[in-house]
Amino acid sequence: MPNVAVTRWLLAGLMLHLVSAPAFAHEGDSLAPTPSAAPPAPKAPVGAADAHLTVWPFVLMGAGALTLGTGIWLVHRDHTDAAAPACMTAPGGRAACPYGTATAWQGWAFVALGTQLAIAGVAWRIYEVRHAPARVSLALGLGELRLLGTF
């Protein structure tokens, strides 16, 4: 007899639904009909265009590239200038290089600093892009059926 109890509950639910439903189809409509005009354009730009991005990461990357290039040039320049006079050994065994550049240690310092600046700029840019407020506006329409939303 459990089937009879289930049938009674289903029948009671259907009766309750019929009683609560409007008598005519138009009585249930509480919304005014929508005009058949095109959906409104989104108020805010979509995607990363509305994110507050700055120019400073690119400044850091540019400064890092310039500093890195200067460091590479200084390391390369160290004792490779063909126009500089050769080193001579002075009396007493002391070496004298009148125009030696000796820029290797400065060059390596610039290479390290430039690399750090460039990495900091890239990390800052990645942080900005990942933490930008991502909003997507969606507007779909078919006849009088409209779906609008910003997510």
Margin query: Can you pull out every residue in the range 47-57 that is at pLDDT 90 or above and among the polar types (S, T, N, Q)?
Written below: none
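Go through 68, 60, 14 for me and flag whichever is over 30 Å from residue 105 (Cβ atoms), modelled with pLDDT of 70 or more and either polar (S, T, N, Q) or surrounded by 10 or more Cβ atoms within 10 Å (Cβ to Cβ) (or both).
14
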Next item on the list: With the condition kept exactly as written, say whether any residue in the range 18-39 is exposed (fewer than 12 other Cβ atoms within 10 Å of the Cβ), at pLDDT 70 or above and either of a type in the set (Ser, Thr, Tyr) or on the phi < 0 side of the Ramachandran plot (or both).
Entry: no
Item checked: Positions within the range 112-151 being open to solvent by 60 Å² or more (accessible area, probe 1.4 Å), at pLDDT 80 or above and either among the aliphatic types (A, V, I, L, M) or touching a Lys or Arg at 6+ places or on another chain (Cβ under 6 Å) (or both), in sequence order -> 113, 119, 122, 126, 129
Next item on the list: Go through (1) at pLDDT below 65; (2) in contact with an Asp or Glu (Cβ under 9 Å, 6 or more places away or on another chain); (3) open to solvent by less than 90 Å² (accessible area, probe 1.4 Å) and name the single condition residue 103 misses.
Entry: (1)
Item checked: Hey, residue 94 open to solvent by 90 Å² or more (accessible area, probe 1.4 Å), among the charged types (D, E, K, R) and either at pLDDT below 65 or over 30 Å from residue 54 (Cβ atoms) (or both) or not -> yes
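The values are calculated or read from the model by the stated rules, or taken from the named source; none is laboratory data. These numbers come from a predicted model, not from an experiment. So basically every Cβ, Gly included, is an ideal-geometry build from the backbone, and we count neighbours across all protein chains shown. Heavy atoms of the whole protein, side chains included, go into the accessibility calculation; ligands, DNA and RNA do not. Shrake-Rupley method; radii C 1.70, N 1.55, O 1.52, S 1.80 Å.
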